[in-house]
Amino acid sequence: MKVAIIGAGIAGLACAHELERLGITCILFERKNMIGTIQPNIGSFFNMEDRPIKDPINYFRHTYGILLTPVERMTTIIMHSPKYKSVVKGNHGYFVIRSKDMNSLDNQLARDLRSKINFNSDPDFKELSREYDYVVVATGNSSVLEKLTEWRTTVTTWIKGATVLGNFEPHTAELWFNTDYARSGYGYLMPFDKSRASLVLITTYTQHGELDDLWQLFLHNEGLNNEIVETYEFDLNTGIAKEHKIDNLYFVGNAAGFIDPLLGLGAFHALESGIFAARSIATGEDYEKMVKVITNKLNVLSDYRDKLDKFKNSDYDRMVKILGMPIIRHVIYDTNIDVIKYAHPIIRIFK
């Protein structure tokens with residue numbers, strides 16, 4: 001059996017890892033000259049979004065044999081709205097590095113692979129589909145899939161991020177909600193360590209030409225005067241596709257649209273969809289049925305996104321205040337109740 005994977009990001013690497021575990025070798029094609037993201041940044045596994053799974057790191061270790069080492073546990077979340085601040089402590093998840101660093105999530109997945117990776121290579125998926133029995137598209141964007149099947153865009157964003165220097169608490173994530181600079185997005189700070197952090201602004205439904213002004217407003221309004229080492233920016237659109245396997249093509253991770261439209265998280269779904277594709281290739285199991293657990297979650301989160309898109313700053317004030325209330329904090333963060341699932345019918349009523 002001949003299998004090709006286009007893209008050596010975490011979805012493609014997870015697919016290769018599972019294929020090898022099932023006795024199938026593959027070849028990977030990566031357009032960059034190395035493993036990992038060009039821009040260093042901190043990502044996260046956020047426990048509340050992944051429920052009923054309690055611990056994503058343990059889940060991937062025990063379920064799929066993938067050993068991942070996070071940067072730190074996330075034990076504190078500080079949320080800001082224009083008028084309110086809430087601090088929530090608990091077991092919220094993990095910080096992970098996304099970069100070319102050897103300890104990045106990407107390189108942790110790559111280091112144990114035996115399959116060949118062709119760097120500086122960006123092959124045409126149509127040509128590969130004629131040469132290989134199966135082709136896994138893990139390119140990190142959904143442009144190919146959008147042309148091949150029915151597609152519904154859920155949110156469009158421009159993102160600007162920076163590596164900043166300062167004194168940071170390594171277990172703490174800080175979030176800012178303000179429509180003046182983020183629209184219905186948000187800003188966040190997540191630490192690499194005690195002296196470096198990833199500062200990011202996710203703006204929704206904006207033009208690229210507006211991004212610098214919104215970034216400066218973000219820094220000014222929140223008093224963020226840290227030394228900036230480097231910056232980056234890119235656009236990211238999320239959506240929901242009708243199909244994720246077309247003929248002998250499998251789409252995984254961001255290439256399949258498996259990005260959370262609410263907060264923009266994607267690592268968990270990237271890893272799991274890559275694994276699902278490998279198992280489908282090896283066993284013949286229906287890939288669409290396997291990824292239903294992902295698409296169901298994305299459809300639910302899309303309804304939350306629709307609600308959030310209508311928020312004003314007064315709504316964010318109310319949200320941050322409520323999320324800081326002791327009984328609400330306990331239910332959302334201190335239990336394993338799938339709050340996103342069970343609150344969904346209420347969201348739909350007020351949609």
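The values are calculated or read from the model by the stated rules, or taken from the named source; none is laboratory data. A quick note: this is a predicted structure, and the numbers were derived from the prediction, not measured. Positions of Cβ are generated from backbone atoms using ideal geometry, with glycine treated the same way; all protein chains shown enter the neighbour counts.
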Report yes if some residue within segment 45-63 is touching a strand residue (DSSP E or B) at 6+ places or on another chain (Cβ under 6 Å), modelled with pLDDT of 95 or more and polar (S, T, N, Q); otherwise report no.
-> no
Take segment 74-99 and flag every residue that is part of a loop (DSSP other than H, G, I, E, B) and at pLDDT 95 or above.
-> 81, 82, 83, 84
Checked 27, 77, 53, 117 against criteria (without any contact (Cβ under 8 Å) to a residue 12 or more places away in the chain and surrounded by 15 or more Cβ atoms within 10 Å (Cβ to Cβ)); the one match is 53
Could you identify the single residue in 268, 234 that is within 12 Å of residue 11 (Cβ to Cβ) and of a type in the set (A, V, I, L, M, F, W, C)?
-> 268
Give the residues of segment 87-103 that are closer than 19 Å to residue 329 by Cα and buried (at least 20 other Cβ atoms within 10 Å of the Cβ), sorted by residue number.
-> 92, 93, 94
Look through 276, 268, 258, 251 and report the one residue that is of a type in the set (A, V, I, L, M, F, W, C), in contact with a helix residue (DSSP H, G or I) (Cβ under 8 Å, 6 or more places away or on another chain), farther than 28 Å from residue 127 by Cβ and buried (at least 19 other Cβ atoms within 10 Å of the Cβ).
-> 268
Pairs where the first residue, in segment 200-217, is touching a residue at least 40 places away in the same chain (Cβ under 8 Å) and closer than 20 Å to residue 44 by Cα and the second is of a type in the set (Asp, Glu) and part of a helix (DSSP H, G or I), C-beta under 8 Å, 6+ apart = 203/210
Among the residues of segment 202-243, which ones are under 24 Å from residue 38 (Cβ atoms), of a type in the set (Val, Ile, Thr) and part of a strand (DSSP E or B)?
-> 202, 203, 204, 228, 229, 231, 238
So is residue 157 surrounded by fewer than 18 Cβ atoms within 10 Å (Cβ to Cβ), within 17 Å of the chain's Cα centre (by Cα), in contact (Cβ under 8 Å) with a residue 60 or more places away in the chain and assigned to a strand (DSSP E or B) or not?
-> no
Being assigned to a helix (DSSP H, G or I) and touching a helix residue (DSSP H, G or I) at 6+ places or on another chain (Cβ under 6 Å) is the filter here, so list the residues in segment 48-62 that pass it.
-> 50, 56
Do the conditions hold for residue 259, that is, is it closer than 24 Å to residue 46 by Cβ, part of a loop (DSSP other than H, G, I, E, B) and free of Cβ contacts under 8 Å to residues at least 40 places away in the same chain?
-> yes
Does any residue of segment 282-297 turn out to be surrounded by 16 or more Cβ atoms within 10 Å (Cβ to Cβ), in contact with a strand residue (DSSP E or B) (Cβ under 8 Å, 6 or more places away or on another chain), modelled with pLDDT of 95 or more and in a helix (DSSP H, G or I)?
-> yes
Could you tell me whether segment 299-309 includes any residue that is in contact (Cβ under 8 Å) with a residue 60 or more places away in the chain, surrounded by fewer than 17 Cβ atoms within 10 Å (Cβ to Cβ) and either acidic (Asp, Glu) or under 29 Å from residue 197 (Cα atoms) (or both)?
-> yes
